[in-house]
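*Asks:* This is the structure I want to talk about, given as structure tokens.
Please treat every number below as a calculation from the coordinates, not as lab data. Note that this is a predicted model, so its numbers are computed, not measured. A quick note on method: Cβ atoms are made from the backbone with ideal geometry, for glycine too, and the neighbour counts reach across all protein chains shown.
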Amino acid sequence: MTTPPALILENVRLAWQGTDAPLLSITAHLGDKLLVLGRNGCGKTTLVETICGYLQAVSGTVGRSSRIGYVAQQLKLPTSLSVEAYFEQLVSLCADDVVNDAQQCMKLFDLKPQAKRKISDLSRGWQQRINLAQAWLGDPQLIILDEPQTALDPEGMTRLRSVIANSNACVLIFSPPQTGCETLIDTHLNYSELC
């Protein structure tokens, strides 16, 4: 039995695009890693919001897995909670049959030493690691990372590269060019430039 694609875009025109803009068509499967590069204002966030279902495409078809992990460009974490309490809260929202172990997700980004600390007491880099780790909860088939390299130190970047490379999910990374994000994708992994 074949697994359906994690993401299908067929002749999609985004909300901000004029009628002369090229249509987007992509089919991505589990295990695929796609890098979407584009300058500020080219529509990366609009594409992310369209894939997630926050915006409707002007035309075309958007199909995706119902199990999505998402890292927004802007952090919106509950800073009054400890790291551990935040992950416990997230797990309580997930269906029992698809929950990844929260401790395992924290381990991916070396968050265990920070587990008892309040999120507000952590640096922006550690908060970004929390943001990234939560995307792997719930056994997602599609993971969308909007500028995931923001605020990460070299060790955080190394962990992120490793987690992406070893993920069975389809991973879409959105980044402006020349931010260092290009190094997230090893040469043997697939990437696409859409903007």
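*Asks:* Order of LEU81, LEU24 from fewest to most other C-beta atoms within 10 Å?
*Replies:* On the way: LEU81 15, LEU24 20.
Lowest to highest Cβ neighbour count: LEU81, LEU24.
*Asks:* By DSSP, what percent of the beta bridges with both residues in the chain are antiparallel, rounded to the nearest 5? Could you put the intermediate results ahead of the total?
*Replies:* Values: 10 of 24 bridges.
Bridges in the chain are about 40 percent antiparallel.
*Asks:* Another question, then. Sequence-distant or interchain residues sharing an amide H contact under 5 Å with LEU34, placed H: which?
*Replies:* Close amide H contacts, sequence-distant or interchain: VAL171, LEU172, ILE173.
*Asks:* To test your reading of the geometry: what angle, between 0 and 90 degrees and rounded to tens, separates the Cα axis of helix 83-93 from the longest principal axis of the chain?
*Replies:* That helix lies at roughly 50 degrees to the long axis.
*Asks:* On alpha carbon coordinates alone, what is the Rg over Rh value for the chain, Rh being the Kirkwood radius?
*Replies:* Numbers: Rg = 16.7 Å, Rh = 17.3 Å.
Using Cα coordinates only, the ratio equals 0.97.
*Asks:* Within 10 Å of each residue's Cβ, count the other Cβ atoms and sort ASP121, ASP139, ASP146, ASP96 from fewest upward.
*Replies:* Values: ASP121 11, ASP139 15, ASP146 20, ASP96 6.
Going from least to most buried by this count: ASP96, ASP121, ASP139, ASP146.
*Asks:* Can you tell me the orientation of helix 154-166 relative to the chain, as the angle in degrees between its alpha-carbon axis and the longest Cα principal axis, to the nearest 10?
*Replies:* Tilt of helix 154-166: around 60 degrees.
*Asks:* If you don't mind, there's one more thing I want to ask. So what is the calculated 222 nm ellipticity per residue for the chain, using -39500 (n - 2.57) for each DSSP H run with n of 4 or more, over all residues, to the nearest 500 deg cm²/dmol? Walk me through the intermediate numbers first.
*Replies:* Details: 5 runs with 51 residues, N = 195.
-7500 deg cm²/dmol, from helical runs alone.
*Asks:* So what's the net charge close to LEU142: Lys and Arg +1, Asp and Glu -1, counting the other residues with Cβ under 10 Å from its Cβ?
*Replies:* On the way: positive: ARG64, ARG67; negative: ASP32.
After counting each charged neighbour, the total is +1.
*Asks:* Just rank ARG13, ARG117, ARG64, fewest to most, by other beta-carbon atoms within 10 angstrom. The partial results should precede the final answer.
*Replies:* Numbers: ARG13 17, ARG117 14, ARG64 20.
Ordered by Cβ neighbours within 10 Å, fewest first: ARG117, ARG13, ARG64.
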